[in-house]
1. Tell me the volume per residue, in Å³, of the convex hull enclosing the alpha carbons of the chain.
2. Dimensions of the range 101-228 along principal axes (Cα, Å, largest first)?
3. Sort out for me the Cα centre separation of the range 1-58 from the range 158-185, rounded to whole Å.
4. Compare Thr196, Thr85, Thr72 in a GNM of the chain, Cα atoms joined below 10 Å, and give the one with the largest fluctuation.
5. Picking from Phe133, Ile194, Met161, whose Cα lies most toward the positive end of the charge dipole for the chain (charges on Cβ: Lys, Arg +1; Asp, Glu -1)?
6. With charges set only on the Cβ (+1 for Lys and Arg, -1 for Asp and Glu), what does the dipole of the chain come to about its Cα centre, in debye to the nearest 20?
7. How many lysine pairs are close in the chain, with Cα atoms under 27 Å apart and the two 8 or more places apart or on different chains?
8. Percent relative contact order of the chain, based on C-alpha pairs within less than 8 angstrom and at least six residues apart?
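Just so it is clear, none of the values below were taken in a lab; they were calculated from the coordinates. Predicted model only: the values in this text are computed from it and were never measured. Here Cβ is always computed from backbone atoms with ideal geometry, including for glycine, and neighbour counts include all displayed protein chains.
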Amino acid sequence: MANIAITGAARGIGLELVRQYAANGDRVFALCRTPSEALNAVAAASGGKVTIHDLDVGSDESVKAGAASTGTDNIDVLLNVAGVTGPTEPELELGSSDWAAWQDALNIMVMGPLRVMQAFLPRMQAGAKVINFSSQLAASTWPYGGYYAYVAAKAGLNRVMRSAALDLKDRGIIIGLVHPGWVQTDMGGPDAEITTVESAIGIRKVTADWTIERSGDFLKWNGETHPW
């Protein structure tokens, strides 16, 4: 049994990861701003394997309190899933950006994962893993425009966590960046290529297989290396 902490656990891929890890017999700390009915149901049916903890990745105070509420046991895997879309219309970005929305995107998706990692890092031993949800939109190979704040945040996340991978390698802590696929969620839409179940199965396997030699790499949900 492993101890798994998951942000953005109330819905989408985060919720499905909670389900799958709990079904595997792992102890899951489900971290979210507002629990959903679905998450409450998963926790209630888990026999105590899933507990829900208030945690807003955009708030230093909330992250510290939320992490503290999970106790003192070692954390084996931290999955930084929480994210926001941000502004999406290129014609607006090229004319008059919503800077408050930009700040929110950067706070949630760049500073947020670092905040959460910092809060749990004292409870991580050699072999522990921090897997961060990035996106194919973060790569210079992405052939489309738009999503300015989102791509900036995800590209920033990649570079921040690659630095963390270098700085934590001597401690044996593994840092990963993963593109979860184009997934049928509120963010991905109903026409996306894969389901949350497929994405979560892939991410769990990629996470389990991640080695210290590949710490800081950017992978796809199916284990392939993502060009960056």
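1. Expressed per residue, the convex hull around the Cα atoms of the chain is 116 Å³.
2. 41, 32, 24
3. 21 Å
4. Of the options given, Thr72 has the highest mean-square fluctuation.
5. Sorting the options by dipole projection puts first Met161.
6. On the way: 18 positive and 24 negative charges, 155 e Å.
For this selection, approximately 740 debye.
7. 16
8. Relative contact order, the chain: 18 percent.
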